[in-house]
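J.: The structure is given below, and queries will be raised subsequently.
The values are calculated or read from the model by the stated rules, or taken from the named source; none is laboratory data. Nothing here was measured: the structure is a model prediction, and the numbers come from that model. Note: ideal-geometry Cβ built from the backbone for every residue, glycine included; neighbour counts use all protein chains shown. Keep in mind that these areas ignore ligands, DNA and RNA; they rest on the heavy atoms of the full protein, side chains included. Shrake-Rupley method; radii C 1.70, N 1.55, O 1.52, S 1.80 Å.
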Amino acid sequence: MTAIDIPEPITSQTPGCTTSSVLGANPTVTIYWRIPAGADGYTKDNAEYGQIVNQGLLEPILSDLLGSVNTTGTSSAYVTVINGGLLSGLLGATKTFGIRLIGPGGWTSDWLVATASLGLLGANPKCTISTSPR
């Protein structure tokens with residue numbers, strides 16, 4: 001048995017993510033990502049989304065929570081927008097989300113991670129991109 005190296009998603013533009021809110025209402029996190037060159041056969045259908053929920057570990061989001069995750073675009077430039085229930089409590093705090101690819105046999109890539117924060121009433125929005133192991 002050998003491990004398969006599944007390519008991790010990479011950012012498709014700078015900045016790789018943004019966060020916003022209008023006076024503290026309807027916060028969103030937008031992640032700009034793509035499939036790396038040479039990773040033929042992968043699309044957004046191979047993506048799994050996660051958020052930090054347990055002792056700092058990214059865990060898959062098991063349901064879409066009423067349309068809270070929406071991805072559009074093509075393998076060279078996807079845009080994932082996270083809103084709604086997944087962002088409850090974001091105002092005045094920080095939330096971390098991830099995207100990874102699932103390959104044959106259920107093997108997974110490392111996470112492309114977006115860490116977003118908003119101050120009260122949506123002030124001082126920030127979002128940074130990094131990677132994290134499976």
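J.: What is the magnitude of the charge dipole of the chain about its Cα centre, with +1 placed on the Cβ of each Lys and Arg, -1 on the Cβ of each Asp and Glu, and no other charges, expressed in debye to the nearest 20?
T.: In total the dipole reaches around 340 debye.
J.: What are the chymotrypsin sites (Phe, Trp or Tyr not before Pro) within region 36-134 that DSSP puts in a loop, where the Cβ has at most 15 other Cβ atoms within 10 Å?
T.: Numbers: sites: 42, 49, 78, 97, 107, 111; in loops: 42, 107.
Loop-located and lightly packed - 107.
J.: What FRET efficiency comes out for the pair residue 123/residue 102, r = Cβ-Cβ distance, R0 = 25 Å, nearest 0.05?
T.: Efficiency, from the Cβ-Cβ distance: 0.10.
J.: Right, next: Please report the carbon-and-sulfur percent of the accessible area for the chain; probe 1.4 Å, protein heavy atoms only, DNA, RNA and ligands left out.
T.: With neighbouring chains kept in place, the figure for the chain is 55 percent.
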